[in-house]
1. Kindly provide the set of residues from the stretch A:1-24 that are open to solvent by less than 40 Å² (accessible area, probe 1.4 Å) and more than 7 Å from chain B (Cβ to nearest Cβ), ordered by number.
2. Filter the stretch A:132-148 down to the residues that are under 21 Å from residue A:216 (Cα atoms) and either of a type in the set (Phe, Trp, Tyr) or without any contact (Cβ under 8 Å) to a residue 60 or more places away in the chain (or both) and list them by number.
3. Name the one entry in A:139, A:132, A:167, A:174 that is away from chain B (no Cβ under 14 Å), out of contact with any Lys or Arg (no Cβ under 8 Å at 6 or more places or on another chain) and buried (at least 19 other Cβ atoms within 10 Å of the Cβ).
4. Look through the stretch A:229-271, keep the residues that are more than 12 Å from chain B (Cβ to nearest Cβ) and of a type in the set (D, E, K, R), and return whichever of them is surrounded by the most Cβ atoms within 10 Å (Cβ to Cβ).
5. Considering only the stretch B:124-136, I want to know if a residue exists there that is away from chain A (no Cβ under 14 Å), over 15 Å from the mean Cα position of the chain (by Cα) and touching a residue at least 24 places away in the same chain (Cβ under 8 Å).
6. Residues of the stretch A:30-46 being in contact (Cβ under 8 Å) with a residue 60 or more places away in the chain, more than 10 Å from chain B (Cβ to nearest Cβ) and open to solvent by 10 Å² or more (accessible area, probe 1.4 Å), which ones?
7. Considering each of A:216, A:237, A:205 in turn, give the residue that is of a type in the set (Gly, Ala, Ser) and at pLDDT below 95.
8. Of all residues in the stretch B:139-159, which are within 14 Å of chain A (Cβ to nearest Cβ), more than 16 Å from residue B:182 (Cβ to Cβ) and touching a strand residue (DSSP E or B) at 6+ places or on another chain (Cβ under 7 Å)?
Amino acid sequence: MVDVLTGTFTVKAGHAQMLKGGVIMDVVTAEQAQIAEEAGAVAVMALERVPADIRADGGVARMSDPTMILQIIDSVSIPVMAKCRIGHFVEAQVLESLGVDYVDESEVLTPADETHHVWKHDFKVPFVCGCRDLGEALRRISEGAAMIRTKGEAGTGDIVEAVRHMRAVQDAIRKLQTMPEDELVVEARNLAVSLELLTKTRELGRMPVVNFAAGGIATPADAALMMQLGADGVFVGSGIFKSGNPATRAHAIVQAVTHYNNPEIIAEVSKNLGEAMVGISTRSIPQDQLLAPRSS
Amino acid sequence: MKIGVLAIQGDFIEHIALLSKLGVISRQVRLPEQLEGLDGLIIPGGESTTLSRLMSMYHLRQPVAQMAQRHKTVWGTCAGMIMMAHEITEEDPIPLQLMDIGVQRNAFGRQIDSFEQDLDIAEFNTTPFHAIFIRAPVIIRVGEGVKVLAELPDGRPVAVRQGNLLATSFHPELTRDTRFHQYFLDLTANQANGPGQ
């Protein structure tokens, strides 16, 4: 009898590797999911409200209705992701039972636990988690996250936080690589991560799992900026379906991610996209309404 | 020997890393002119719908098909295998129709059904190959002249060769095992010495 292994970290992290160089789009209906697939999205994130609406509506944001998630699963052939609240392991169990391909334990929803994240090793479904810096990323990986995304500030259309977080991650990795070995123990303690994972990151010279950018991407140039800063791919939330012409913009962002080093192509796909999402400057948002600092 | 890896989307960096372990510097291919002068091409894992759309949009279909006709080696892994097929069980994506095989996408179910398994591969008669299947396709029709290199215990083919063309349901590029990449390079070297071998 040959051993068949499912739910291993290799197949979880490997799935994220297949998404690289691609765009994952937030969708709230089956129709939007089909538009995203048609535009060349590598996956969709099924949710009831895009972050811009969650921000505008206020209140408690929770996991989406399973009916809506199943409708989206049935409507497309590409992978479907869905969000659970931070620490809400029962929402995660529900999403796993629905057959979603990836669970996003997301700060965009209202956290269910202000101390602990979901222990993701217990699941067969892989998880993606947000981070603002390398320490946060490695803590999530220790808990079993098989993919990371920099948080940015979701629902703003303002790229500044996404840039800040991606630069923080890349700077920390560069620092690690030039750091003498005998300083690693203290660095691990400062970042509140295991020495083993820190050493592995140092050897690889990159995040040990796939790292996408998220939170504020609204244009093809935004997406290419994040790719040039070292992202493996991008999540676009409100930026597509809160814009004037979602199908065209979605397709343009997909092309900008593939050709992120080719300004002529980025210029070409940026033409006549219509209105971008209106957006709000992150600086104008009161500190207690920012999503990214909700977990660490 | 000049090898290209289609870099539209997917795990092309993993293929490039394994090739470099074998001493081969490869070229990322996003535009048709980047195919010029190549002896072989790898179509990596990724999302086949995305690959299909961008290959059409950036006019890569015809030049890749020409490479195959001119006896250059072309190897597709997972999504790449879907692109190599003659036909697939759904209308979308549109394959390149390079090999005489029929392919079913997502043949094993959703991500929670993705799996790892050791496979005996006829060409490597030593130790089994550790194969990683991620939302993987499977071959449901094998045409004449297509050789099955590996199959699952239930008999479904998951690795095939047709002359200068290769396709695998699984991802050798996610392992440290270089045998499949070496096999591809050997095939490419043979084709360069004289087509049809």
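1. If the condition is that a residue be open to solvent by less than 40 Å² (accessible area, probe 1.4 Å) and more than 7 Å from chain B (Cβ to nearest Cβ), then A:12, A:13, A:16, A:19, A:23, A:24 are the ones that fit.
2. A:133
3. One residue alone meets the criteria, A:139.
4. A:249
5. Step one: of the stretch B:124-136, the residues away from chain A (no Cβ under 14 Å) are B:124-126.
Checking the rest, the ones that are also over 15 Å from the mean Cα position of the chain (by Cα) come to B:124-126.
Cutting the leftovers down to touching a residue at least 24 places away in the same chain (Cβ under 8 Å) gives us B:124.
So far as the stretch B:124-136 goes, yes, one or more of its residues are away from chain A (no Cβ under 14 Å), over 15 Å from the mean Cα position of the chain (by Cα) and touching a residue at least 24 places away in the same chain (Cβ under 8 Å).
6. A:32, A:35
7. Numbers: A:216 fails: at pLDDT below 95; A:205 fails: at pLDDT below 95.
Just one listed residue meets the conditions, A:237.
8. Once the filter is applied, which keeps residues that are within 14 Å of chain A (Cβ to nearest Cβ), more than 16 Å from residue B:182 (Cβ to Cβ) and touching a strand residue (DSSP E or B) at 6+ places or on another chain (Cβ under 7 Å), the stretch B:139-159 yields B:151, B:152, B:156, B:158.
The values are calculated or read from the model by the stated rules, or taken from the named source; none is laboratory data. Since the model is a prediction, treat every value here as computed from it, not as a measurement. Here the Cβ is made from the backbone with ideal geometry for all residues, glycine too, and neighbour counts use every protein chain on show. Surface areas here come from the heavy atoms of the whole protein model, side chains and all, with no ligands, DNA or RNA. Shrake-Rupley method; radii C 1.70, N 1.55, O 1.52, S 1.80 Å.
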